[in-house]
Amino acid sequence: MAVTLSFDSDHETPALRDGETLPGKLAQGEYGARVGVPRILKLLERFNAPSSFFVPAVSALLHEGEVKSYVDAGHEVALHGWIHERNTQLPPEAERDLAFRAMETLENLAGTRPVGIRTPSWDFSPHTLEITRELGLKYDSSLMADDDCYEIVADGEPTGIVELPPEWIRDDLAYFTMDRFTSLRPYTPPRGVLTIWRDEFDAAYADGGIFQLTMHPHCIGHRSRIAVLTELLDHIASHQGVWFATHAQVVDHVLTEAEK
Ligand SMILES: [Zn+2]
């Protein structure tokens, strides 16, 4: 089975997208770059787990050297918008322009061309697929129609684009998000999330399928949550025949199998 860990390095970009420039919200995002990322990289090194980092271009530009630190540690860097834009609220030309600018920025910083995309907030517009094809990408990781990889079909025709499906069930933000001025509060304790994710892994292991996780450095990077991720990885690593891989590596494997 394959274990594909992913981290969306959003940092300050969702706040900046909304025009928020006051220190409070930005500092919460900045925690991801300053504390979360170094903790995560250390943990991944310990488990020898190549992972995928989906990085908004503005995030990559604000934190000089971060993309290179991912690449140098053997991880994948892939697209996650320009500034965590909401694709479904943009005219198609703007979505396309931001996607191409993001690609150029990440390619320059990473030294290799990204092969995958995860739309910010999994907000997949009617134009996203066409833009994904124009960019020459191999895969998307935003759509949720399966547990395992599948080929995206458009108007009844196969597109050649592989979907590596995420789910809100396997997303840290869905459990831990807090907003002071609304009623939004974390409602699941970290160890409750560990139980859900361990059950997801155990069932994927029994199926011989994919276990995919989506996390955010400013969220999972906190002490009580990194503790949970560490326990989960200990549990996973105690199993035989587990392949820790990047999304791109799993997609390449799927494409090779499909050719046979
Ligand atoms: Zn994101």
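The values are calculated or read from the model by the stated rules, or taken from the named source; none is laboratory data. What you are looking at is a predicted structure, and each value in this text was computed from that prediction instead of being measured. We place every Cβ from the backbone using ideal geometry, glycine too, and count neighbours over all the protein chains shown.
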### Task
Take Leu213 and decide whether it is among the aliphatic types (A, V, I, L, M) and within 16 Å of the ligand (Cβ to nearest atom).
yes
### Task
Determine, yes or no, whether Ile83 is buried (at least 23 other Cβ atoms within 10 Å of the Cβ) and either in a strand (DSSP E or B) or not small (Gly, Ala, Ser) (or both).
no
### Task
Those residues that are part of a loop (DSSP other than H, G, I, E, B), more than 15 Å from Arg86 (Cα to Cα) and within 18 Å of the chain's Cα centre (by Cα), I need them from the range 135-145; list them, please.
Leu137, Lys138, Ser141, Leu143, Met144, Ala145
## Note on the structure
The correct count of residues that are away from the ligand (no atom under 15 Å from the Cβ), over 17 Å from Glu30 (Cα atoms) and of a type in the set (S, T, N, Q) in the range 52-100 is 1
### Task
Take the range 86-126 and flag every residue that is free of Cβ contacts under 8 Å to residues at least 60 places away in the same chain, of a type in the set (D, E, K, R) and surrounded by 20 or more Cβ atoms within 10 Å (Cβ to Cβ).
Glu95
### Task
Give Glu157, Glu134, Glu167 a once-over and let me know the one that is under 25 Å from Leu79 (Cβ atoms) and surrounded by 14 or more Cβ atoms within 10 Å (Cβ to Cβ).
Glu167
### Query
Looking at the range 1-39, which of the residues that are hydrophobic (A, V, I, L, M, F, W, C) and within 13 Å of the ligand (Cβ to nearest atom) is nearest to Glu66 (Cα to Cα)?
Phe7
### Message
Can you find, within the range 80-102, the residue that is farthest from the chain's Cα centre (by Cα) among those that are closer than 10 Å to Val58 by Cα and small (Gly, Ala, Ser)?
### Response
Ala102
### Message
Could you go through the range 121-134 and let me know if any residue there is within 15 Å of the chain's Cα centre (by Cα), of a type in the set (S, T, N, Q) and within 16 Å of the ligand (Cβ to nearest atom).
### Response
yes
### Summary
Subset of the range 137-163, residues of a type in the set (Lys, Arg) and over 17 Å from Ala99 (Cα atoms), comes to none
### Task
Can you confirm whether the range 159-179 contains a residue that is of a type outside the set (A, V, I, L, M, F, W, C), at pLDDT below 95 and more than 19 Å from Gln249 (Cβ to Cβ)?
yes
### Query
In the range 213-242, what count of residues is obtained for those that are surrounded by 17 or more Cβ atoms within 10 Å (Cβ to Cβ) and small (Gly, Ala, Ser)?
1
#### Entry: Selection count, the range 169-205, where residues are in contact (Cβ under 8 Å) with a residue 24 or more places away in the chain, assigned to a helix (DSSP H, G or I) and within 29 Å of Pro126 (Cβ to Cβ)
4
## Note on the structure
Here the residues within the range 239-255 that are on the phi < 0 side of the Ramachandran plot and either in a loop (DSSP other than H, G, I, E, B) or without any contact (Cβ under 8 Å) to a residue 60 or more places away in the chain (or both) are His239, Gln240, Val242, Ala245, Thr246
